[in-house]
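Below you'll find the structure, written out as structure tokens, and then a few comments.
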Amino acid sequence: MDMTPDNSVDPTPQTPAEPASDALVQEGASALPQEELDRLTDELVAAFKTVFDPEIPVDIYELGLIYKVDVSDDRDVVVDMTLTAPGCPVAGEMPGWVQNAVESIPGVRSCHVNLVFEPAWDQSRMSDEARLQLNMF
């Protein structure tokens, strides 16, 4: 899918002091009103948090597996994500889980998920919440 994204969302997990809608939407020219971008951002994060790596009891958002999210003015969403390891047993299934979660958001027209391995995922990408859940402090 060759698409020029109009809006980028920084999927880095935020601390409680930073509201997701303020911290994730980056400034840029968009036909979508700011309140719609804020709503989509919040709902995208919520959708990512419904997808779990079956081997790790933490959602993919808190694990830091979502690298980039682009939302076009037509509400087409493109997600760049990775896996904790290239040989992950659900590598063929997880992008579909993410696509289904995103496409369940009201107003999203379509979703395309790209599985990327650069940069390689490491534990530094995990949120504090994920570290706490996994006892990794």
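Observations on the structure shown:
- Amide H contacts under 5 Å for ASP53: VAL58, ILE60, restricted to partners 5 or more places along the chain or on a different chain, H placed in the peptide plane at 1.01 Å from N.
- Sequence-distant residues sharing a close amide H with LYS68 (under 5 Å, placed H): ASP80
- Annotation note: GluC sites (Glu not before Pro) in the range 58-137 located in DSSP loop regions with a Cβ neighbour count of at most 16 within 10 Å are GLU93.
- Estimated FRET transfer efficiency (ASP122, VAL90; beta-carbon r; R0 22 Å; 0.05): 0.70
- Estimated vicinal HN-Hα couplings, Hz - the range 118-125 in sequence order (Karplus 6.51, -1.76, 1.60; Gly, Pro = x): 10, x, 5, 6, 9, 5, 5, 7
- Full extension of the chain between GLU129 and THR50 yields a length gain of 26.9 nm, computed as 0.36 nm times the residue separation minus the alpha carbon distance.
- Computing FRET efficiency as 1/(1 + (r/R0)^6) for ASP80 and GLU35, where r is the C-beta to C-beta distance and R0 is 35 Å, gives about 0.85.
- Selection of trypsin sites (Lys or Arg not before Pro), the range 103-137, meeting DSSP coil and at most 12 other Cβ within 10 Å: ARG109
We did not get these values from a lab; they are worked out from the coordinates using the rules stated. Note that the structure is a prediction, hence the values are computed from the model and not measured. Please note: Cβ atoms are built from the backbone with ideal geometry, for glycine as well, and neighbour counts cover all protein chains shown.
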